[in-house]
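The values are calculated or read from the model by the stated rules, or taken from the named source; none is laboratory data. Note that the structure is predicted; figures quoted are calculated from it, not measured. With ideal geometry, Cβ positions are generated from the backbone for all residues, glycine too; neighbour counts draw on all protein chains shown.
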Amino acid sequence: DAGVIQSPRHEVTEMGQEVTLRCKPISGHDYLFWYRQTMMRGLELLIYFNNNVPIDDSGMPEDRFSAKMPNASFSTLKIQPSEPRDSAVYFCASSSSNRGPRGYTFGSGTRLTVV
Amino acid sequence: QQQVKQSPQSLIVQKGGISIINCAYENTAFDYFPWYQQFPGKGPALLIAIRPDVSEKKEGRFTISFNKSAKQFSLHIMDSQPGDSATYFCAASMSSSNTGKLIFGQGTTLQVKP
């Protein structure tokens with residue numbers, strides 16, 4: 001298995017622009033998580049899905065952030081409009097309800113810089 | 001009650017020394033406690049994990065010590081090597097919830113000096 005695949009690896013954008021981050025979970029995993037990592041706040045859970053349905057989005061910082069999972073093999077995290085304080089590394093992770101937390105696997109992340 | 005508190009924030013150890021990172025939790029329903037290791041430019045990866053029915057688990061140079069009554073657990077890295085330099089996260093989960101959702105600590109940046 002190729003693992004959790006995120007794209008792009010790096011994104012530099014200007015303030016006010018729309019940014020879309022992409023994630024392909026491990027095949028067969030029914031949970032998908034979006035995290036944001038910063039030096040100040042560590043790993044923050046933004047939102048997670050089960051069987052493509054959003055379960056908990058309480059970590060989404062503002063209405064500027066939105067996430068979708070149109071099918072079992074693809075999810076997006078969108079920021080519109082982007083702001084410099086959104087600069088961070090965004091991780092996607094997936095897991096299987098069969099294995100529970102033991103099967104939790106992260107992607108390599110997308111480093112977002114908003115200038 | 002959902003928090004996991006991790007300390008220290010950063011740690012510098014000489015090669016061959018012992019690195020110790022501590023975590024504390026509040027929710028007694030947590031029953032799975034993994035440690036993740038993250039190298040620069042990579043996502044966190046599972047290093048070692050423990051369940052509360054044992055007080056210690058060892059895998060090579062890495063040991064988790066678990067104190068259920070104190071609601072604390074720690075990672076010990078024996079004979080620390082420069083290649084161990086990374087960020088370490090503790091985490092906790094309720095396996096009964098079946099979500100696989102992990103609550104992470106703030107992370108500890110470890111630097112092992114040659």
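Quick notes
- Qualifying position, being more than 23 Å from residue B:109 (Cβ to Cβ) and surrounded by 15 or more Cβ atoms within 10 Å (Cβ to Cβ), among A:70, A:101, A:81, A:61: A:101
- The residues of region A:90-103 that are under 16 Å from residue A:48 (Cα atoms) and without any contact (Cβ under 8 Å) to a residue 12 or more places away in the chain, listed by number, are A:100, A:101.
- Those residues of region B:44-56 which are away from chain A (no Cβ under 14 Å) and in a loop (DSSP other than H, G, I, E, B), in sequence order: B:53, B:54, B:55
- Exactly one residue out of B:9, B:3 is modelled with pLDDT under 95, over 17 Å from residue B:64 (Cβ atoms) and in contact with an Asp or Glu (Cβ under 7 Å, 6 or more places away or on another chain): that is B:3.
- Enumeration of residues in region A:27-49 that are more than 14 Å from the chain's Cα centre (by Cα) and surrounded by 15 or more Cβ atoms within 10 Å (Cβ to Cβ): A:29, A:30, A:42
- Residues (within 13 Å of another protein chain (Cβ to nearest Cβ), free of Cβ contacts under 8 Å to residues at least 60 places away in the same chain and in a loop (DSSP other than H, G, I, E, B)) located in region B:9-43: B:39, B:40, B:41, B:42, B:43
- For residue B:85, the stated conditions hold: it is without any contact (Cβ under 8 Å) to a residue 60 or more places away in the chain and surrounded by fewer than 21 Cβ atoms within 10 Å (Cβ to Cβ).
- Matching strands (runs of 3 or more DSSP E) fully within region A:3-113 where at least 2 residues are at the interface with another protein chain (Cβ under 9 Å from one of its Cβ atoms): A:31-38, A:42-50, A:53-56, A:88-96, A:100-106
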